[in-house]
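Scroll down for the structure; my scribbles are underneath it.
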Amino acid sequence: MKRALVIGGSGMLANVCHWLENEGYEVYVVGRTKSKMANALKKTERTIPLYTDYRNLSDFKVKINQTFDWSLIVAWIHNVPEKPMDVLLDALSKQELTCELYHVLGSSSNLEDIRRVIKTPNNCTYHQVQLGFKLEKEYSRWLTNREISDGVIEAITHKKTTYIVGQLEPWNKRP
C-alpha cells in the first residue's frame with residue numbers, strides 16, 4: 001500500500017488528501033486542532049489523523065515515526081526556529097522506500113537558498129511548490145485553498161521539481 005503524509009492537510013491542502021485517497025494512497029494528515037481536522041475528515045473515509053504541532057518537535061517526531069515507508073509527502077511547513085523539516089528528513093533517511101517530498105512554500109521564500117540547505121536523504125526526491133497570488137484586473141488576491149490544492153496536485157502529477165502556483169510578479173502587486 002502506498003502511504004502519503006500531508007502536513008497542512010486539515011486546512012488548505014484538504015483537497016490534496018482527497019485526491020491522494022482516490023489515487024490509492026493511505027493518507028495520514030498532520031493537524032494541530034481537532035476542530036479543523038474534524039472538518040477535513042468529514043469528506044473522507046480513509047484519512048488517518050496525526051494530531052500534532054510540528055513546532056513541538058518531540059511529539060512531531062513520535063507521530064511521523066509511527067508509520068514508516070512514506071512514498072509521498074506534501075509538507076506545508078513554515079520556516080520556524082524549531083526546524084521541523086530536519087525531523088522530517090531524519091525520519092525519511094531511516095525508511096527503505098524511495099519517497100517524493102513536495103515542500104510547499106510561501107511567496108517570499110527563496111527557493112534556491114532553501115534547496116541549498118535542505119539535506120535530502122538519498123532515498124528521497126525533493127520538489128518545491130511555491131504559492132503566489134492572483135492578479136485580477138486592478139486588484140490582487142491570495143490563492144484559494146482549491147487553487148493551492150489544484151497546484152500541488154499538478155506538481156505531483158507531472159513530478160515538477162519546481163512549480164509555482166499563481167504568480168509571483170509583479171512583486172509590488174502582492175496583496
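The values are calculated or read from the model by the stated rules, or taken from the named source; none is laboratory data. This structure is a prediction, so every number in the text was calculated from the model and none was measured. Glycine also receives a Cβ, built like all others from the backbone with ideal geometry; neighbour counts cover every protein chain displayed.
Output the number of residues of the range 87-111 satisfying the condition of being closer than 25 Å to TYR25 by Cβ and not in a strand (DSSP E or B). Can you show your working first?
Narrowing the range 87-111 to residues closer than 25 Å to TYR25 by Cβ: 87-105.
Those left that are additionally not in a strand (DSSP E or B): 87-98.
So the answer is 12.
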Considering only residues that are assigned to a strand (DSSP E or B) and not small (Gly, Ala, Ser), look in the range 13-35 and name the one that is modelled with the lowest pLDDT.
-> VAL30
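Examine the range 135-146 for a residue that is in a helix (DSSP H, G or I) and small (Gly, Ala, Ser), and state whether such a residue exists. Break it down into steps so the answer makes sense when it comes.
In the first step, residues of the range 135-146 are kept if they are in a helix (DSSP H, G or I); the result is 145-146.
Next, only the ones that are small (Gly, Ala, Ser) stay: none.
Checking the range 135-146: not a single residue is in a helix (DSSP H, G or I) and small (Gly, Ala, Ser).
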Any chance the range 62-74 includes a residue that's within 29 Å of ARG141 (Cα to Cα) and either in contact with a Leu (Cβ under 7 Å, 6 or more places away or on another chain) or touching a residue at least 60 places away in the same chain (Cβ under 8 Å) (or both)?
-> yes
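Return the residue satisfying two criteria in turn: it lies in the range 112-135 and is among the aliphatic types (A, V, I, L, M) and surrounded by 15 or more Cβ atoms within 10 Å (Cβ to Cβ), and of such residues it is farthest from VAL30 (Cα to Cα). Talk me through it step by step, then tell me what you get.
Of the residues in the range 112-135, the ones among the aliphatic types (A, V, I, L, M) are 114, 117-118, 129, 131, 135.
Right, trim to surrounded by 15 or more Cβ atoms within 10 Å (Cβ to Cβ) and you get 114, 118, 129, 131, 135.
Numbers: ILE114: 22, ILE118: 21, VAL129: 18, LEU131: 20, LEU135: 31 Å.
The extreme case among them is LEU135.
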Taking ILE153 as the residue in question, decide whether it is in contact with a helix residue (DSSP H, G or I) (Cβ under 6 Å, 6 or more places away or on another chain) and touching a residue at least 60 places away in the same chain (Cβ under 8 Å).
-> yes
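Please determine, by comparing only the residues of the range 41-77 that are assigned to a strand (DSSP E or B) and at pLDDT 90 or above, which one is surrounded by the most Cβ atoms within 10 Å (Cβ to Cβ).
Keep residues of the range 41-77 that are assigned to a strand (DSSP E or B), which gives 48-51, 72-76.
Among the residues that remain, those that are also at pLDDT 90 or above are: 72-76.
Working: LEU72: 19, ILE73: 24, VAL74: 28, ALA75: 21, TRP76: 23.
Checked the range 41-77; the qualifying residue surrounded by the most Cβ atoms within 10 Å (Cβ to Cβ) is VAL74.
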